[in-house]
1. Among the residues of the stretch 1-33, write down those that are under 12 Å from the mean Cα position of the chain (by Cα), closer than 25 Å to Lys215 by Cα and part of a loop (DSSP other than H, G, I, E, B).
2. Can you confirm whether Phe73 is surrounded by 16 or more Cβ atoms within 10 Å (Cβ to Cβ), in a helix (DSSP H, G or I) and touching a helix residue (DSSP H, G or I) at 6+ places or on another chain (Cβ under 7 Å)?
3. Within the group Ile95, Ile36, Ile54, which residue is at pLDDT 80 or above and assigned to a helix (DSSP H, G or I)?
4. Is it fair to say Arg172 is surrounded by fewer than 17 Cβ atoms within 10 Å (Cβ to Cβ), within 27 Å of Gly267 (Cβ to Cβ) and in contact with a Lys or Arg (Cβ under 8 Å, 6 or more places away or on another chain)?
5. Of all residues in the stretch 100-153, which are hydroxyl-bearing (Ser, Thr, Tyr) and surrounded by 17 or more Cβ atoms within 10 Å (Cβ to Cβ)?
6. Considering only residues of the stretch 247-270 that are β-branched (Val, Ile, Thr) and surrounded by 14 or more Cβ atoms within 10 Å (Cβ to Cβ), which is nearest to Phe29 (Cα to Cα)?
7. Between Thr185, Thr170, Thr210, which is among the hydroxyl-bearing types (Ser, Thr, Tyr) and at pLDDT below 90?
8. Could you tell me which residue of the stretch 182-231 is farthest from Val57 (Cα to Cα), considering only residues that are among the polar types (S, T, N, Q) and surrounded by 19 or more Cβ atoms within 10 Å (Cβ to Cβ)?
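The values are calculated or read from the model by the stated rules, or taken from the named source; none is laboratory data. What you are looking at is a predicted structure, and each value in this text was computed from that prediction instead of being measured. For neighbour counting, all protein chains shown are included, and Cβ atoms are generated from backbone atoms with ideal geometry for every residue, glycine included.
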Amino acid sequence: MNFIQAIFLAIIEGLTEFLPVSSTAHMIFTSTVFGIEKDVFVKMFQVSIQFGAILAVVVLYWKKFFDFTNFKFYVKIGLAVIPALVLGKLFDDKIEAVLEKPLPIAITLIVGGIILLFIHRLFKNTRIDEEQNVSNKSAITIGFWQCLAMMPGTSRSAASIIGGMQQGLTMRMAAEFSFFLAVPTMLAVTSYSIFLKDWDVPVMVNAVETIKEMKGYEMLMEKNYLILFIIGNIVAFAVAVLAIKFFIGILKKYGFKMWGWYRIVLGIAFIIFELVFNK
C-alpha cells in the first residue's frame, strides 16, 4: 500500500465511521475496486486508523468527556462497552475470516438499508433527548445492539443508533450516544490490534517465505508503515470532524431514509461488480 492509497482509505474511514453505512464495508470495497493489496498491514491499518476518528469525537464533545463531575456518564459508557469487549474477543478470528468475503457484506448492507427505511415506523415512541435520562439498563442494552456490528457491513453506528431508538432515545440522542460509545469501543479495538493481537506476517528467511507472528507495533517499525499509520490517523481525524457535523445536520433534516437508500444502492452495485469482475 502506497501513500496515496493510505490517504484514500483514511478519508473513507473518516467519512463513514460515524455514519450508518459501515466503514469496514467501504474500506473493503475500496480496496477491492482499486486493487489495494490485502496484506496483513492493510488489515491492521484499516482497524488502527479508527484511533483518529475517536479523537474527532473527543474533540467535538470535549465538555462531555472531560466533565469529571458527571460520574454517571462514565458508568453508562463503561457498561455499554462491556458486551463488545467480551464478544469481540471471543469471535475475533471468525470476524477476520468474514472480512475476506465481500458478497455477504454487500447483502448485509442491503438488509440494513431496508431497516433504516422503516426505522421511524418501528420505533415511534422516542422521547429521551438528554444523556442524563438514559438509564444504565438502556446503556447496556444499546451495547448489546452494537455487537451486531461484529458482522462487517452492519455498521457499528447503525446498530447502536437503532438500539438507542429501540430504548426510546430520539434520533439526535441515539446518534450522539453512538458517538460516545464509539470512543471506548474503537479505542479497545485499536489497542488490541496494535499491542495484543498476534499478526501472521509473511517474511523471507534464506530466500524462503515463512510466517512470523508479530504484534502490531512491531509491524509499524517495518518499512514506512509508521509514517502511513500517522498520516492515516491525522487524515481520518480531520475528515471525521466534518462527517460528524454533517451527519447530525442531515439527520435532523431528513432522518435515516437517505442512508437506507444509499446502503441498498451500494450493496447492489457491489454485488454486480463481484458477479461481473470477480467470477
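1. Across the stretch 1-33, the qualifying residue is only Glu17.
2. yes
3. Step by step, each of Ile95, Ile36, Ile54 is checked, and only Ile54 is at pLDDT 80 or above and assigned to a helix (DSSP H, G or I).
4. yes
5. Within the stretch 100-153, Thr108, Thr126, Ser138, Thr141 meet the criteria.
6. The selected residue is Ile268.
7. That would be Thr210, the only listed residue that is among the hydroxyl-bearing types (Ser, Thr, Tyr) and at pLDDT below 90.
8. My answer is Ser193.
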